[in-house]
Amino acid sequence: MSTIFSKTEQGQEEIKARSGSLTQHVRQVLIFVNGKRDTDALRKTLPADDLESTLQMLHEQGYIEAVEMIEIHDSDPVSGTPLVPAEKAPIPTGSIFRDLPPTPSTKELELARNFMMNTLKSFTGPYATISLIEKVDAAQSHTEMRAQFNYWIDAIIKTGPGKQRADELRCALLKII
């Protein structure tokens, strides 16, 4: 399955205005979304280990919208073009984050805080992302912590070891955030 996304009016305005609300990595993904490239083509074009979560975040925040979901049955090994026509499938909805219980766990919030701070310090050093570490430390709710998620993963994948382990780290954090 592969989804084709296009920019919404908000996404097009963000490209023009550069409001600064997106990290460089997320903005780069937004730029490459054009209504023609599916997620597989984006994955080949962009060096993003967290492409799925970045696309989901852009979708949730209204910068992009899914226009088509296709299932490619088989493809030419050289060109990658489908040998069998693609079938349209329903467009997925939802969030990369799990649903929170009515009373979110303070223990999980503290685990997420410690995980984010420790991985930032381990992969980027104690001072390279100090402002992000301070924001994570100051987060008082899961919502505030989730607001730092894309900045966290962006900082992690900018390092060699972090890039290699980005998917593993992202999955571990998404279980508790």
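When the stretch 1-20 is filtered for residues that are free of Cβ contacts under 8 Å to residues at least 60 places away in the same chain and at negative phi, the ones remaining, listed by number, are Lys7, Thr8, Glu9, Gln10, Gly11, Gln12, Glu13, Glu14, Ile15, Lys16, Ala17, Ser19.
So, of the residues in the stretch 142-165 that are aromatic (Phe, Trp, Tyr) and either under 16 Å from Ile176 (Cβ atoms) or in contact with a strand residue (DSSP E or B) (Cβ under 6 Å, 6 or more places away or on another chain) (or both), which turns out to be surrounded by the most Cβ atoms within 10 Å (Cβ to Cβ)? Give the derivation first.
The first filter runs over the stretch 142-165 and keeps only residues aromatic (Phe, Trp, Tyr), leaving 149, 151-152.
The next check asks that each one be either under 16 Å from Ile176 (Cβ atoms) or in contact with a strand residue (DSSP E or B) (Cβ under 6 Å, 6 or more places away or on another chain) (or both); those that pass are 149, 152.
On the way: Phe149: 21, Trp152: 26.
Across the stretch 142-165, the extreme among qualifying residues is Trp152.
The residue that is modelled with the lowest pLDDT, among those in the stretch 21-47 that are touching a Leu at 6+ places or on another chain (Cβ under 8 Å) and either outside any helix (DSSP H, G or I) or at positive phi (or both), is Leu22. Filtering Glu134, Glu110, Glu144, Glu168 for residues that are farther than 17 Å from Leu22 by Cα, under 17 Å from the mean Cα position of the chain (by Cα) and without any contact (Cβ under 8 Å) to a residue 24 or more places away in the chain leaves a single hit, Glu168.
Can you name the residue in the stretch 109-154 that is hydroxyl-bearing (Ser, Thr, Tyr) and touching a Ser or Thr at 6+ places or on another chain (Cβ under 8 Å) and is also modelled with the highest pLDDT among such residues?
Thr124
Exactly one residue among Met57, Met69 is at pLDDT 80 or above and surrounded by 14 or more Cβ atoms within 10 Å (Cβ to Cβ), and that residue is Met57. Can Ala139 be described as over 14 Å from the mean Cα position of the chain (by Cα) and surrounded by 15 or more Cβ atoms within 10 Å (Cβ to Cβ)? The answer is yes for Ala139.
Every condition in (1) surrounded by fewer than 12 Cβ atoms within 10 Å (Cβ to Cβ); (2) at pLDDT 55 or above; (3) in a loop (DSSP other than H, G, I, E, B) is met by Leu100 except one, and the failing one is (1).
The values are calculated or read from the model by the stated rules, or taken from the named source; none is laboratory data. These numbers were taken from a predicted model, which means no experiment stands behind them. Cβ atoms come from the backbone with ideal geometry, glycine included; neighbour counts cover every protein chain shown.
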